[in-house]
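In what follows, a structure is listed as structure tokens, so that the remarks can point back to it.
Every number in this text was worked out from the coordinates using simple rules, so none of it is lab data. Small disclaimer: the values here were computed from a predicted structure and weren't measured. A quick note on method: Cβ atoms are made from the backbone with ideal geometry, for glycine too, and the neighbour counts reach across all protein chains shown.
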Amino acid sequence: MRLSQTLVAAAAALSLTLTACGGTSSPAASGGASDATQGSAPAEIKIGVVNYVSHPALDAAQQGFIDALKEAGYEEGKNLTLDLQNATGDQSTLTSIANTFASSDNDLFYAIATPTAQALAQVITDKPIVFAAVTDPVAAQLVASWEAPDGNMTGVSDMNPMDAQVALIKEVMPDVATIGIVYSSGEVNSEVQVKEAEEAAKAHGISVVTKTVTNSSEVQQAAQALEADAFLIPTDNTVVSAAESVIQVAEQKGVPVFASDENTVGRGAAAGLSVNYTQQGKDAAALALKMLAGAKASELPVETQKNFDLFVNEAAAKAQGIELPAAVVDRAAKKF
């Protein structure tokens, strides 16, 4: 059985599954049910996976990818070989992993987060790369444009609606004057979000103050140095991995924390809007199967999630000195 024929069928089946469960929009796939559902095992594939750092959002993007491959008939130990790597937020480790992957016999690579995708893009040009949890792939110089990537890489963006996040903060705190943001100076995705947050805040008459960090050990000190009415944590991998440090400082200062991913709200932020990172991984898997079946990355536009869920943590909000309005709590997709 030819690999490309098998993967076309698997990608079509997975795309139909994701469409049925309300995933992100993606190019239409052709073909019928996967060979796995017809009783014959799909051909074997090898995929190198690298996660930038372990935190719940990125880990969910990794597991969603693996789960979606399994749904399409690819299971590790049978017809799927996964080389799972984690850079632990260290650039030198990430560079080493990327170089090792470049000389490997993997069929495709899955990059989770912007720094990871950038590292792989620098050394792998002859095999397909799919990414997830990348905020702005154009600003990160990963693709030529959202619609026409023009290279060997495409994927799924977790672009967060900073205008909606700022509006949420204003709704919860009508008198808010200053928002504090700690972010990593080494993450382009964070720079994009901070710029958008500043523009959105300006429209509401709110100022934004910032502190940059280079690693997670600096997050707490940076948060302590900020004087603000509220903290906003963007989808910054370095800061999210140390979100408890921001939350601890916020409780000491008596100001609330708003987050851009569900798990950080669960870990103690007061509220926030988030994409679904498990779905990010599943959508990335659908793109991966299309590329393995012969589709070119340049033919597969970067995908975005259109719907963002509101998450609230009333106990955390009270610990940080505020009470969430009933209207906010009532429309939350999940309450922690």
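Summary of computed values
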| quantity | calculated |
| --- | --- |
| Alpha carbon centroid spacing (whole Å) that separates the range 125-185 from the range 61-90 | 24 |
| DSSP-defined antiparallel bridges as percent of all bridges, the range 251-336, nearest 5 | 50 |
| Net charge dipole size for the range 258-321 [Lys, Arg +1 and Asp, Glu -1 on Cβ; Debye, nearest 20] | 100 |
| The chain: relative contact order as a whole-number percent, Cα under 8 Å and 6+ apart | 21 |
| Amide H within-cut-off set for residue 272, under 5 Å, with H built and near neighbours excluded | 259, 311 |
| Cα centre as origin, Lys/Arg/Asp/Glu Cβ charges: the range 42-200 dipole, Debye | 280 |
| Charged-residue dipole, Cβ positions (Lys, Arg, Asp, Glu), the chain about Cα centre, Debye nearest 20 | 380 |
| Within-15-Å neighbourhood charge of residue 87 [Cβ basis; K, R +1; D, E -1] | -4 |
| For the chain, share of DSSP beta bridges that run antiparallel, in % to the nearest 5 | 10 |
| For the range 225-293 and the range 321-336, distance of Cα centres in Å | 17 |
| Viscosity 1.306 mPa s, temperature 10 °C, Stokes-Einstein D of the range 101-156 from Kirkwood C-alpha radius, µm²/s | 144 |
| Residues residue 147 and residue 199, FRET efficiency given R0 of 22 Å [Cβ-Cβ distance, rounded to 0.05] | 0.40 |
| Two-site label geometry, residue 67 and residue 84: point separation in nm, points 7 Å out along Cα→Cβ | 1.4 |
| Entries of 46/78; 170/306; 211/334 with Cα pairs more than 19 Å apart | 170/306; 211/334 |
| Around residue 238: net Lys/Arg minus Asp/Glu count, Cβ-Cβ under 13 Å | -4 |
| Pair residue 304, residue 95: separation of 7 Å Cα→Cβ label points (nm) | 3.3 |
| Peptides ranked, highest mean first, by Cβ atoms within 10 Å: ranges 300-311, 263-274 | 263-274, 300-311 |
| Signed unit charges on C-beta, dipole axis of the chain, positive-most listed residue 286, 185, 51 | 286 |
